[in-house]
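Contents: one structure, followed by commentary.
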Amino acid sequence: MINILMIEDDTEFAELLTEYLAQYDIKVTNYEDPYLGLSAGVKKYDLLILDLTLPGMDGLEVCKEVVEKYDIPIIISSARSDINDKVEGLALGADDYLPKPYDPKEMYARITSLLRRYSKSEHNKVVTPKSDFELKGDTIYFKGEALALTPAEFEVLSLLVKHQGMTQSREQIINTSRAMSMDSQGKSLDVIISKIRTKLGDNKRIQAVRGVGYKLV
């Protein structure tokens, strides 16, 4: 059975999603209060579904706290349509963002897809002291040397460094970068990855995952 923690103050919405996912042997435990949700033993769950508009604490703050303390995939589920919320949520470490309203079938698909890709052992590589990468403020060091990066290159590489060993989808990378061209996002990402590889002097560090995106190894 898959155990999901949900922090959502719309109880009717939460109940509908809970009933739908139950048929797939997925148990959802919902908390309307974010503080109660955070104290519910987050690490015992397989995944977190997180609303943004919550009583007493903004969902982005919840996301930040969970990312800092736990190894758990996060899907933000929100009716807030501001693109900045989506960008900030993904930048903080959320793995996916599904705007409301949505069909429960789509949430189920995203849950199963994310859990297939998500590996806690890989996620732990982010904090390993043996990493050749170090992120300090607005500078990234590789093997002790500061890299000269453009704003777009910095945004892309910093996301990969923070999630080293984990595949980041093209959509996640593009939505997290404020500096990338909105007119040719896909092409721009490939060009940026190529330039980063050149600056690293190692084409094998950033691997393309066919049909998904990229990961830093």
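Structural remarks
For every residue, the table says whether it meets (1) modelled with pLDDT of 90 or more; (2) loosely packed, with under 15 Cβ neighbours inside 10 Å; (3) within 21 Å of the chain's Cα centre (by Cα).
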site	(1), (2), (3)
VAL126	no, no, yes
LYS130	no, yes, no
ASP138	no, yes, yes
TYR141	yes, yes, no
GLU145	yes, yes, no
ALA148	yes, yes, no
LEU160	yes, no, yes
GLY165	no, no, yes
SER177	no, no, yes
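- Qualifying residue in segment 182-205 (condition: assigned to a strand (DSSP E or B), open to solvent by 50 Å² or more (accessible area, probe 1.4 Å) and either modelled with pLDDT of 90 or more or of a type outside the set (Phe, Trp, Tyr) (or both)): no
- Listing of strands (runs of 3 or more DSSP E) fully contained in segment 21-126 that carry 3 or more residues being touching a residue at least 12 places away in the same chain (Cβ under 8 Å), aliphatic (A, V, I, L, M) and within 28 Å of VAL217 (Cβ to Cβ): 74-78
- Note on segment 1-20: residues that are open to solvent by 50 Å² or more (accessible area, probe 1.4 Å) and either out of contact with any Lys or Arg (no Cβ under 7 Å at 6 or more places or on another chain) or in contact (Cβ under 8 Å) with a residue 60 or more places away in the chain (or both) amount to 7.
- The set of residues in segment 21-41 being farther than 19 Å from ARG110 by Cβ and surrounded by 18 or more Cβ atoms within 10 Å (Cβ to Cβ) consists of TYR31, PRO34, GLY37, LEU38.
- Of all residues making up segment 137-153, the number that are assigned to a helix (DSSP H, G or I) and under 15 Å from ARG197 (Cβ atoms): 2
- So LYS105, is it modelled with pLDDT of 90 or more, closer than 20 Å to ILE4 by Cβ and open to solvent by 60 Å² or more (accessible area, probe 1.4 Å): yes
- Tally, over segment 17-41, of residues that are within 23 Å of ASP58 (Cα to Cα) and touching a helix residue (DSSP H, G or I) at 6+ places or on another chain (Cβ under 7 Å): 7
The values are calculated or read from the model by the stated rules, or taken from the named source; none is laboratory data. Every value quoted in this text rests on a predicted model; they were computed, and no experiment measured them. Counting neighbours? That spans all protein chains shown, and the Cβs are built from the backbone with ideal geometry, glycine included. To get the accessible areas, we keep the full protein, side chains included, count just its heavy atoms, and leave off ligands, DNA and RNA. Shrake-Rupley method; radii C 1.70, N 1.55, O 1.52, S 1.80 Å.
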